[in-house]
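Read the structure below first, then the notes.
The values are calculated or read from the model by the stated rules, or taken from the named source; none is laboratory data. All values derive from a computational prediction rather than experimental measurement. With ideal geometry, Cβ positions are generated from the backbone for all residues, glycine too; neighbour counts draw on all protein chains shown. What goes into the accessible areas is simple: the full protein's heavy atoms, side chains included, and nothing from ligands, DNA or RNA. Shrake-Rupley method; radii C 1.70, N 1.55, O 1.52, S 1.80 Å.
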Amino acid sequence: MSTNSLKILRPKKQFDVVSIPNPLSKSIQGKYFAGQTESLSFSNTTNAWGALVNPTFSGVNLFANVFTISNFSEKPFLVQIWFNTNPPGTINVSTKVSTANTALVPHRIPKVQVQFNQNVNGVPLGGINVFDRVVPPGTTIASKEDGKFIFPPGGNWVLFLTSPGSEATTFSAIVAFGWWEENISLKN
């Protein structure tokens with residue numbers, strides 16, 4: 001058979017297939033948000049925490065995507081990750097929150113809040129401590145959860161910062177989050 005007799009059949013129209021990661025898709029839709037706490041101070045006798053909190057009447061489910069914790073101290077500290085707990089102390093709401101897609105006008109306002117407190121006594125009440133991490137000195141750790149942690153209205157994702165020892169030490173840290181929100185459908 002000669003090479004002149006072979007024909008390659010091509011479709012009349014070519015299609016491109018593009019894979020878009022879910023967080024990017026949510027950002028394009030204006031549903032993805034990022035935010036951080038203020039600088040948090042605590043010691044070997046006090047604690048601090050940062051949280052994503054889905055208010056009771058938000059009308060959305062919270063999909064937790066990523067967290068980072070920066071340790072500006074010279075000693076490591078422990079972070080406990082809690083689901084649906086009551087952290088100690090007075091609640092402070094962060095103003096350092098934004099939609100990830102700043103090209104949308106008007107900018108979308110998140111219903112979920114970044115909350116925090118520092119130099120508090122006590123530990124979280126209720127809920128469950130699902131895992132712990134050690135944050136080395138002078139580093140930032142990140143954990144990408146891909147939206148698999150889902151919190152309904154009234155739920156929360158708390159990162160509780162505590163000293164692993166009894167030696168007199170002071171710590172400084174910042175907690176940051178990335179998440180998206182989906183309206184709750186009333187249909188079953």
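Here are some notes:
- Restricting region 160-188 to residues that are part of a loop (DSSP other than H, G, I, E, B) and farther than 25 Å from residue 42 by Cα, the residue that is modelled with the highest pLDDT is 184.
- Residue pairs meeting the criteria (Cβ under 8 Å; at least 6 apart or on separate chains; first more than 9 Å from residue 64 (Cα to Cα), in region 128-150; second open to solvent by 60 Å² or more (accessible area, probe 1.4 Å)): 128/84; 134/164; 137/74; 137/75; 138/72; 138/74; 141/133; 143/133
- Residue in region 59-75 that is over 16 Å from the mean Cα position of the chain (by Cα), under 15 Å from residue 151 (Cβ atoms) and in a loop (DSSP other than H, G, I, E, B) present: yes
- Residues being hydroxyl-bearing (Ser, Thr, Tyr) and either closer than 13 Å to residue 114 by Cα or surrounded by 16 or more Cβ atoms within 10 Å (Cβ to Cβ) (or both) - total across region 153-171: 3
- For region 59-82, a tally of residues being open to solvent by 10 Å² or more (accessible area, probe 1.4 Å) and more than 21 Å from residue 131 (Cα to Cα) returns 5.
- Selection of region 102-159 for residues being touching a Pro at 6+ places or on another chain (Cβ under 7 Å) and part of a loop (DSSP other than H, G, I, E, B) yields 111, 121, 122, 123, 124, 136, 137, 153.
- Yes/no for residue 146 being under 19 Å from the mean Cα position of the chain (by Cα), acidic (Asp, Glu) and under 15 Å from residue 47 (Cβ atoms): no
- Test for residue 86: is it surrounded by fewer than 16 Cβ atoms within 10 Å (Cβ to Cβ) and over 14 Å from residue 177 (Cα atoms): yes
- Close pairs from region 109-125: first at negative phi, partner open to solvent by 70 Å² or more (accessible area, probe 1.4 Å) and among the aliphatic types (A, V, I, L, M), Cβ under 7 Å, at least 6 apart: 113/93; 115/91; 115/93; 117/91
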